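Single-structure report; data block below.
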Amino acid sequence: MSILISGGAGYIGSHMVLAALDRGEQVVVVDNLSTGIRGLVAEAAHFHQGNIGDQVLLRDLFRQYDVTAVIHFAGSIVVPESVEKPLAYYQNNTVASRNLIEACIEGGVKNFIFSSTAAVYGTPENNPVTEAADLVPASPYGRSKLMTEWMLEDATRAHDFRYVALRYFNVAGADPGGRTGQSTPRATHLIKRACQVALERVPVLDIFGTDFPTKDGTGVRDYIHVTDLVAAHALALDHLRKGGESSVLNCGYGHGFSVRQVVETVSKVAGRKLPTRESPPRSGDVAEIVADSSKLQARLGWKPQHNDLLEIVTTAYAWESRLNSAS
Ligand code: UD1
């Protein structure tokens, strides 16, 4: 019996592979390496390079490894890029997910965990935002993910198939053991970029938007440590295996930090003031979004262990320093 992890060579996926192996799962990874890195996939996992929309490949793997659950990370994730290339986002996120879901249903894989996003809410009317809030995505990225949630919901009604969609807020940090971390060289994530600036890989940090209606005018986000996020997936897997109902759950800590607060924290960890530059907001960016994750806590018994911006930044900075000395 195995679990198949799509996008297992990526940032969050590679952490999931390690956590799954740590708890004794047999793991199969499918990743096309468009942004993922082969070297981040733990040796003990069975790795297959390929597309998650390739139903022939998937059916073979489901049979070969006796796959009983899929954790689906593979996809495109950059909000402003999705505004420029909407059809690529609908292809990679929506169309490919549709094929994967169909392959699961046809191959008898009944448990599915989906990486969804806080971007399905757009700019929420109230923060912290609950799962019952209006769904008004502000970018093709958010819409491409929301459509996948809807496909899952409809598929569950029609077939013997259940899912948990986890709506991620801003995932950051790295494995505290230093085994993996965010390694995409051109990643756009704030904490990653700020660490690159601190290590002089990038000359200056753009602060995108200084006139938002937030505490200091910069964007506010709920940064969640990748280890806590991955723990939510493991709990979701247990829930589905026990016959638990399909669920859509926010993943965040319930408090927001502004871009300036993040910059200060990175400066503190790095021991140097970061050079910054005020720039216009990026298209598709929202002012503020913070999670209400009480449903995740109540339904899955999730208890965050790393709810601390300083710890998130310290692990991200340690990983970035490692990448720096390796290159
Ligand atoms: C992130 C996720 C997205 C998720 C969303 C949920 C990535 C690439 N995207 O988007 O999948 O749906 O969280 O909330 O992780 N910023 C700067 N300078 C920079 C980079 C960012 O000022 O160099 C600002 C942004 O304008 C934003 C904040 O920092 O206000 C966070 O940006 P970023 O880390 O790119 O994540 P999101 O766009 O929020």
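The values are calculated or read from the model by the stated rules, or taken from the named source; none is laboratory data. No experiment lies behind these values; they were computed from the predicted model shown. With ideal geometry, Cβ positions are generated from the backbone for all residues, glycine too; neighbour counts draw on all protein chains shown. Each accessible area value is taken on the protein alone, full model and side chains, heavy atoms only, with ligands, DNA and RNA left out. Shrake-Rupley method; radii C 1.70, N 1.55, O 1.52, S 1.80 Å.
For the stretch 114-176, just say rounded, prolate or oblate: build the C-alpha gyration tensor, square-root its eigenvalues into a ≥ b ≥ c, call rounded for a/c under 1.5, and beyond that prolate if a/b exceeds b/c, oblate if not. Show your work: numbers first, answer last.
Numbers: a/c = 1.96, a/b = 1.28, b/c = 1.53.
The shape class here is oblate.
For a test of the definition: using alpha carbon positions, the gyration tensor, and the 1.5 limit on a/c, classify the stretch 181-233 as rounded, prolate or oblate.
In terms of gyration-tensor shape, oblate.
Report, by chain and number, residues whose modeled amide H sits under 5 Å from the one on Ile207, excluding near sequence neighbours (fewer than 5 apart, same chain).
Those qualifying (amide H under 5 Å, at least 5 residues apart or on another chain) are Arg277, Glu278, Ser279.
Using a 1.4 Å probe, what is the accessible area per residue for the chain, in Å²?
Numbers: 13870 Å² over 327 residues.
I get 42 Å² per residue for the chain.
Residue by residue through the stretch 96-102, what is 3J(HN,Hα) from phi via Karplus (6.51 cos²θ - 1.76 cosθ + 1.60, θ = phi - 60°)? Round to whole Hz and write x for glycine and proline.
3J(HN,Hα) across the stretch 96-102, in whole Hz: 5, 5, 4, 5, 5, 4, 4.
At 222 nm, what helix-only mean residue ellipticity would the chain give, in deg cm²/dmol to the nearest 500, using -39500 (n - 2.57) for each DSSP H run of four or more?
-12000 deg cm²/dmol
Return the carbon/sulfur percentage of the accessible area of the chain, one whole number, probe 1.4 Å, all protein chains in place.
50
Please report, in debye to the nearest 20, how large the charge dipole of the stretch 254-321 is about its Cα centre when each Lys and Arg carries +1 at its beta carbon and each Asp and Glu carries -1 there.
60
Within the stretch 186-216, report the trypsin sites (Lys or Arg not before Pro) that DSSP leaves as loop and that have at most 16 other Cβ atoms within 10 Å.
Within the stretch 186-216, the qualifying trypsin sites (Lys or Arg not before Pro) (loop, at most 16 other Cβ atoms within 10 Å) are Arg186, Arg201, Lys215.
What percent does the relative contact order of the chain come to when contacts are Cα pairs within less than 8 Å and at least six residues apart?
Contact order relative to length: 19 percent.
Treat every Asp and Glu Cβ in the chain as -1 and every Lys and Arg Cβ as +1, leave all other atoms uncharged, and give the resulting dipole magnitude about the Cα centre to the nearest 20 debye.
That gives a dipole near 460 debye.
Restricting attention to the stretch 195-300, which GluC sites (Glu not before Pro) occupy a DSSP loop and are surrounded by at most 12 other Cβ atoms within 10 Å?
Answer in residue order: Glu200, Glu245.
May I ask which residue of Thr265, Gln297, Val30 lies farthest towards the positive end of the charge dipole of the chain, with charges of +1 (Lys, Arg) and -1 (Asp, Glu) on Cβ and the Cα centre as origin?
Thr265
Compute the Cα gyration tensor for the chain, then decide on rounded, prolate or oblate, letting a ≥ b ≥ c be the square roots of its eigenvalues: rounded whenever a/c is under 1.5, prolate when a/b is larger than b/c in the other cases, and oblate in all that remain. Could the numbers behind the result be given before it?
Numbers: a/c = 1.70, a/b = 1.39, b/c = 1.22.
Prolate shape, in that a/c is at least 1.5 and a/b is the bigger ratio.
In terms of modelled amide H atoms, which long-range or inter-chain residues lie less than 5 Å from the amide H of Val171?
Sorted by chain and number, the residues that satisfy this are Ile224.
Once the other residues with Cβ under 15 Å from the Cβ of Thr94 are scored (Lys, Arg +1; Asp, Glu -1), what is the net sum? Numbers along the way, then the final one.
On the way: positive: Lys85, Arg98, Arg143, Lys145; negative: Glu102, Glu149, Glu153, Asp154.
Around Thr94, the charge tally is 0.
If you plug each phi of the stretch 10-15 into the Karplus form 6.51 cos²θ - 1.76 cosθ + 1.60 with θ = phi - 60°, what whole-Hz ³J(HN,Hα) values come out, in order, with x for Gly and Pro?
After applying 6.51 cos²θ - 1.76 cosθ + 1.60, I find x, 4, 6, x, 5, 5 Hz.
Expressed as a whole percent, how much of the Cα-Cα distance distribution for the stretch 75-158 exceeds 23 Å?
Value for the stretch 75-158 (Cα pairs over 23 Å): 26 percent.
For the stretch 95-145, what relative contact order do you get, as a whole percent, if you take Cα pairs closer than 8 Å and at least 6 residues apart? Can you show the working numbers first?
Working: 36 pairs, mean separation 17.2, N = 51.
The normalised contact order for the stretch 95-145 reaches 34 percent.
How about the stretch 123-183: which GluC sites (Glu not before Pro) there are in a DSSP loop, with at most 12 other Cβ atoms within 10 Å of their Cβ? Please list the in-between numbers first.
On the way: sites: Glu125, Glu131, Glu149, Glu153; in loops: Glu125, Glu131.
Here the GluC sites (Glu not before Pro) that fit, given the DSSP loop and packing criteria, are Glu125.
Given Ala103, Pro128, Tyr90, which one lies farthest toward the positive end of the charge dipole of the stretch 85-160, if we put +1 on the Cβ of every Lys and Arg and -1 on the Cβ of every Asp and Glu?
Among Ala103, Pro128, Tyr90, the one farthest towards the positive end of the dipole of the stretch 85-160 is Tyr90.
Rounded to whole Hz and in sequence order, give me ³J(HN,Hα) for the stretch 110-123 from the Karplus expression 6.51 cos²θ - 1.76 cosθ + 1.60, θ = phi - 60°, writing x for Gly and Pro.
9, 10, 9, 10, 10, 7, 9, 8, 5, 5, 5, 8, x, 8
Expressed as a rounded percentage, what relative contact order does the stretch 1-126 have, with Cα pairs under 8 Å and six or more residues apart?
Computed over the stretch 1-126, the figure is 27 percent.
How big is the charge dipole of the stretch 1-145 about its Cα centre, in debye rounded to the nearest 20, if each Lys and Arg gets +1 on its Cβ and each Asp and Glu gets -1 on its Cβ?
With Lys and Arg at +1 and Asp and Glu at -1, about 140 debye.
Which residues' amide hydrogens lie under 5 Å from the amide hydrogen of His255, considering only partners 5 or more residues apart or on another chain, with H built in the peptide plane?
Close amide H contacts, sequence-distant or interchain: Ala291.
For Lys295, go through the lysines and keep the ones whose alpha-carbon is under 22 Å away, minus same-chain ones fewer than eight residues off.
Lys145, Lys242, Lys303
Mind checking which aspartates and glutamates have their Cα closer than 20 Å to the Cα of Lys273? Skip sequence neighbours fewer than 8 apart in that chain.
Cross-link targets: Glu200, Asp206, Asp216, Glu264, Glu311, Glu320.
Starting from 0.36 nm per residue, how many nanometres of slack lie between Glu125 and Thr276 once their C-alpha separation is accounted for?
Taking Glu125 through Thr276 to full extension adds about 51.3 nm, to one decimal.
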